[in-house]
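Take a look at the structure below.
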Amino acid sequence: MAEQFCNLPMALAGERGAGLYQWPMGTRLTWTVVQTIPGFSQQELTDVCREAWKARDDICGITIDWTADPSRANILVGCRPIDGQYGVLAEAELPVGNVNPSTQLRVWIDNTDRFVAAENPPSGRIDLLRVIRHEFGHSLGIGHNQDGVT
């Protein structure tokens, strides 16, 4: 079964003028978890997100910090049913238009999928860190490459 991470069209891969914008270099972004997913406490999901951001923070030239205050967060992480198990695993809003320090984007994790924080998940489970890292790339304005990854 091929994994489909998100609903971002593959046509964005390498496409110029696709409407994607990136946050300006040097931007300081904040994020928070507003709703957790089944099987994860608020702290566990925050820890997974923190690890996912660490990978992006190290390479993108943007400072990304956690905040407890959703009204001050640029990126809000939550969950909702998207399409049922093993379809689209998560979705992220893209920075489109005039992004600025008060812009808020959302990342949704499909709460009908069965996630685990494990590099080699057991059968029937999906590595949440990999999915969130992918979606956070979209939140930063990174589209898919030709292989469908950010």
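The values are calculated or read from the model by the stated rules, or taken from the named source; none is laboratory data. This is a predicted model, so every value here is computed, not measured. No Cβ is skipped: glycine too gets one built from the backbone with ideal geometry, and neighbour counts run over all protein chains shown. Remember, those area values only see protein heavy atoms, side chains included, never the ligands or the DNA or RNA. Shrake-Rupley method; radii C 1.70, N 1.55, O 1.52, S 1.80 Å.
Structure data summary
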{"quantity": "Sequence of SER102, SER41, SER123 from largest to smallest accessible area, 1.4 Å probe", "calculated": "SER123, SER102, SER41"}
{"quantity": "Heavy-atom accessible area order for TRP108, TRP53, largest first, 1.4 Å probe", "calculated": "TRP108, TRP53"}
{"quantity": "Cα gyration tensor, region 88-150 - rounded (a/c under 1.5), prolate or oblate", "calculated": "prolate"}
{"quantity": "Ranking by accessible area, most exposed first, for GLU119, GLU135, GLU44 with a 1.4 Å probe", "calculated": "GLU119, GLU44, GLU135"}
{"quantity": "ASP47 - accessible surface, heavy atoms, 1.4 Å probe, Å² rounded to 10", "calculated": "80"}
{"quantity": "Theoretical gain in end-to-end length, ALA68 to GLU44 [0.36 nm per residue, Cα-Cα removed]", "calculated": "7.2 nm"}
{"quantity": "Cα-projected label distance for GLU51 with GLN35, points at 7 Å along beta-carbon direction, nm", "calculated": "2.4"}
{"quantity": "Region 17-145: projected area of the alpha-carbon convex hull, averaged over directions, in nm²", "calculated": "7.9"}
{"quantity": "Nitroxide proxy distance, nm - points 7 Å out along Cα→Cβ at GLN85 and ASN111", "calculated": "1.8"}
